[in-house]
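First up is the structure itself, then whatever we jot down about it.
Rule-based calculations on the coordinates, nothing more; no lab input. Fair warning: this is a prediction, and the values are worked out from it, not measured in the lab. Cβ sites come from the backbone with ideal geometry, for glycine too, and all protein chains shown count toward neighbours.
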Ligand code: PGA
């Protein structure tokens, strides 16, 4: 399986800034993802179409939206549909990012609705899961991951190909804090995630990429990518600059 190198630009970058960063990356990467790597950048809605256009200069790279609404169209002010995302040229969407869950207040079952609807409507989905510090300290790690995975993947269409789905494990306490989980933590938690994925996805689980996220940077990306059951990384802060994300891609 290729390593999936994912960037989450959150609420950063206008269309012009996104294009500038993608063009700089295209230069640094000589127009293609390195061997054994696939690149996806999750971009704010307002920059999506322009970023997708610029991304054509990098082979093996794609864009995604950071969220989606689980309906084809309708009276849902402020939301966007899978078809709108695809029309921008994007092929991916994030669901259940911790900021959607903990800042905006999305429930596990709403995340599951989004995941299933986006998959059924032609998008590849990266479902994010992860525990808060309080949950980890209360010994609830496995319970939280199980609940988020089972409800997040409920109603996923049975014919979903393994490569249409990815799971990103991001401990909430490691996101944007500069604190990375230790390699032992990552190995242990990714083994739990993989076994839960097998319960839900059966044989497909081993072909579904499982990414780590949370303060990944050029200095730690290589050692994280070398761990068992780590099929890629999801990078926030360190993905905003072309040189830093390119160093991670090449790690
Ligand atoms: P971070 O964000 O790399 O800035 O910790 C990761 C994420 O939120 O996906």
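Got the relative contact order for segment 3-249 handy, in percent, Cα pairs under 8 Å and 6 or more residues apart? Walk me through the numbers on the way to the answer.
Numbers: 497 pairs, mean separation 48.5, N = 247.
With pairs under 8 Å counted, the relative contact order is 20 percent.
Determine by what factor the alpha-carbon radius of gyration of the chain differs from 2.2 N^0.38 Å, reporting the quotient. Don't skip to the end; give the middle numbers.
On the way: Rg = 16.7 Å, N = 251, 2.2 N^0.38 = 18.0 Å.
After normalising by residue count via 2.2 N^0.38 Å, the value is 0.93.
Can you give me the C-alpha center-to-center distance between segment 152-173 and segment 182-212, rounded to a whole angstrom?
If we compute the Cα centre of each part, the gap is 11 Å.
What does the extension gain come out to for residue 132 and residue 23, with contour length at 0.36 nm per residue minus their alpha carbon separation?
Numbers: separation 109, 0.36 × 109 = 39.24 nm, distance 3.59 nm.
Length gained, residue 132 through residue 23: 35.6 nm.
Among 81-88, 166-173, how do they line up by average Cβ neighbours within 10 Å per residue, starting with the highest? Intermediate results must be reported in sequence, preceding the final value.
On the way: 81-88: 18.6, 166-173: 24.6.
The densest-packed peptide leads the list: 166-173, 81-88.
Between residue 198 and residue 162, how many nm apart are label points set 7 Å from Cα along the C-beta direction?
1.3 nm
Most exposed first by the Cβ proxy, i.e. fewest other Cβ within 10 Å, how do 188, 146 rank?
The fewest-first ordering by Cβ neighbours comes to 188, 146.
Let me have the 222 nm mean residue ellipticity of the chain computed from DSSP H runs of 4+ only, each contributing -39500 (n - 2.57), with the sum over all residues rounded to the nearest 500.
Details: 9 runs with 96 residues, N = 251.
-11500 deg cm²/dmol, from helical runs alone.
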